[in-house]
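The values are calculated or read from the model by the stated rules, or taken from the named source; none is laboratory data. All values derive from a computational prediction rather than experimental measurement. Here the Cβ is made from the backbone with ideal geometry for all residues, glycine too, and neighbour counts use every protein chain on show.
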Amino acid sequence: MKLIWLGLLFEIFLLILIKPFTVDFEFVSILAVSVHIFFTMVVLFVQKSKFKLIFSAAFFGRIMFMLWDLNARQIFQLPNSGGDSVGFYNSAILVSENISLLNENIYGAMYSKMIGLLFYWIGPLQMFAYYINVLLGLSVVLVIYKILNMLEVNYKITKLILLLVAFFPNSMVMSAIFLREIIITFFVTYSLYYFIKWFKKGFKINMVLSILTLGIASLFHSGVVGIFLGYAFVFLFYIKEKNKYQFNVKSVMVFLGLVSFSFLVYTQFSAIFLAKFGNVESMNDIYSRANMSLGGSAYLTNITINNPIQLVIYGPIKTFYFLTSPLPMDWRGFMDIFTFLFDSTLYLSTFIYFVLNRRKFKERKVLITSLALILVSVSVVFGIGVFNAGTAVRHRQKIISIFLILFALMMDEKSKYNFKPFNKWTKSEKI
């Protein structure tokens, strides 16, 4: 994976050098992407991994979706393409033409500014910008594989999880269109990698890196800060030597302090760090956000939240809808049915699997519980702030890697519970 990204950085350096002499930016963009596609395919095929065909197919599939969105949108528009994706691209062009806009509030915020700065250096290479998302999507697949190897998950389960992340429809689309979801997914996945590395091996550097990469993800969308509350709980209460949670007055007070501090940051400094969930300055703003219902896919329109008690009562319901919508009673047509069957069911299945098999988790029960707590934490944050199925689908993509790793661990634990001599592991492989 490092070699793939080093190749892209080298291309960017060359594009910066030739920009003053470039006449046809579209041709240069197509040429640069084509060369790097060939380079990446070679890198994927020469590795010794048993799953290189899955990696290559995941990469190829995302390229096909990218090309479709760029050239055949008029025939059929991919879900979530248009709207934000067009707005982000237009904002990036504006930034590239007027670099002072980096200090202004613009549509797309950090993502538009980042791509705009890239365009300022290399020119308005639209396909090249799309292709970065393709590589981020491929990298998510590869990082999840690294996590599964680190956890020594059974070969068959590893293959299943890789197939899911490689060909999950929403993941493929989000990796191929001009939206910020996949860059958030990438940093959340890397954050998860360092968190699990800390859980297994310790070392404060892994804790720091997990928080740092999560912080980068939160620059693009504040909702993922909910993951930090789950992290904080584990960092404070998990005792590695005993492989269990241990509570005392000091650690509990520190955790409550962190929760209070996070809430303060969320409500008072959202314009600086939590831009996407802005306009939250009081509890009334949180209630207003929770009560919003826009668009044809809006759900729970009959629920009103006006006080903390209602927030506690209805918060879990909104969280459940966030993870599972569009539910059958809200289906409006084929697309809603497709979304439920090929998106919502993953999150619903993970929840049901946890409930049905929680007593079978032994060796990695604490890690499974920790990941479940993290998911509850971030899902509550998103659940309160999201009010329609279309938005929920996009936000769920940001945390899909946590769901998949949790699902993998639960299946692996159950397989060992059912077959006591079961000991078929895969060895680590470098990507």
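Only one of the numbered conditions (1) within 28 Å of Val393 (Cβ to Cβ); (2) buried (at least 19 other Cβ atoms within 10 Å of the Cβ) is violated by Trp68, and that is (2).
Checked against the criterion of being under 27 Å from Leu373 (Cβ atoms) and at pLDDT below 90, the candidates Leu346, Leu327 yield just one match: Leu327.
Regarding Arg73, is this residue in contact with a helix residue (DSSP H, G or I) (Cβ under 9 Å, 6 or more places away or on another chain) and either among the basic types (Lys, Arg) or touching a residue at least 24 places away in the same chain (Cβ under 8 Å) (or both)? So Arg73 does not fit the description; no. The requirement of being at pLDDT 85 or above, crowded, with 16+ Cβ neighbours inside 10 Å, in a helix (DSSP H, G or I) and out of contact with any Gly (no Cβ under 9 Å at 6 or more places or on another chain) is fulfilled nowhere in segment 239-260; no residue meets it. With respect to the conditions (1) crowded, with 18+ Cβ neighbours inside 10 Å; (2) not in a loop (DSSP other than H, G, I, E, B); (3) not charged (D, E, K, R), Leu163 falls short on a single one, namely (1). Look at segment 114-132: where a residue is farther than 21 Å from Thr185 by Cβ and a partner is basic (Lys, Arg), sitting 6+ places away or on another chain with Cβ atoms under 8 Å, you get Trp121/Lys19; Ile122/Lys19; Gly123/Lys19. Of all residues in segment 352-365, those satisfying the criterion of being in contact (Cβ under 8 Å) with a residue 12 or more places away in the chain, surrounded by fewer than 18 Cβ atoms within 10 Å (Cβ to Cβ) and in a helix (DSSP H, G or I) are Tyr353, Asn357, Lys360, Lys365. Taken over segment 1-24, the criterion of being over 31 Å from the mean Cα position of the chain (by Cα) and part of a helix (DSSP H, G or I) is satisfied by Leu17, Ile18, Lys19, Pro20, Phe21.
Out of all the residues in segment 303-320, is one or more crowded, with 19+ Cβ neighbours inside 10 Å, among the hydroxyl-bearing types (Ser, Thr, Tyr) and closer than 22 Å to Leu164 by Cβ? No; the residues of segment 303-320 include none that is crowded, with 19+ Cβ neighbours inside 10 Å, among the hydroxyl-bearing types (Ser, Thr, Tyr) and closer than 22 Å to Leu164 by Cβ. For segment 200-210, does any single residue satisfy the condition of being crowded, with 18+ Cβ neighbours inside 10 Å, under 22 Å from Lys146 (Cα atoms) and not polar (S, T, N, Q)? Within segment 200-210, one or more residues are crowded, with 18+ Cβ neighbours inside 10 Å, under 22 Å from Lys146 (Cα atoms) and not polar (S, T, N, Q). Checking Ser171, Ser222 one by one, the residue that is under 15 Å from the mean Cα position of the chain (by Cα) and either without any contact (Cβ under 8 Å) to a residue 24 or more places away in the chain or under 17 Å from Tyr145 (Cα atoms) (or both) is Ser171 and no other.
Identification of helices (runs of 4 or more DSSP H) wholly contained in segment 36-125 with 2 or more residues that are farther than 30 Å from Ile157 by Cα, under 20 Å from the mean Cα position of the chain (by Cα) and at pLDDT below 95 yields 84-97, 109-122.
Checked against (1) over 21 Å from Met172 (Cα atoms); (2) in contact with a Lys or Arg (Cβ under 9 Å, 6 or more places away or on another chain), Tyr111 passes all but condition (1). Exactly one residue among Ile196, Ile205, Ile182 is β-branched (Val, Ile, Thr), touching a residue at least 24 places away in the same chain (Cβ under 8 Å), assigned to a helix (DSSP H, G or I) and farther than 21 Å from Ala109 by Cβ, and that residue is Ile196. Evaluated against (1) under 21 Å from Ser29 (Cβ atoms); (2) buried (at least 19 other Cβ atoms within 10 Å of the Cβ), Asn90 falls short on exactly one condition, (2).
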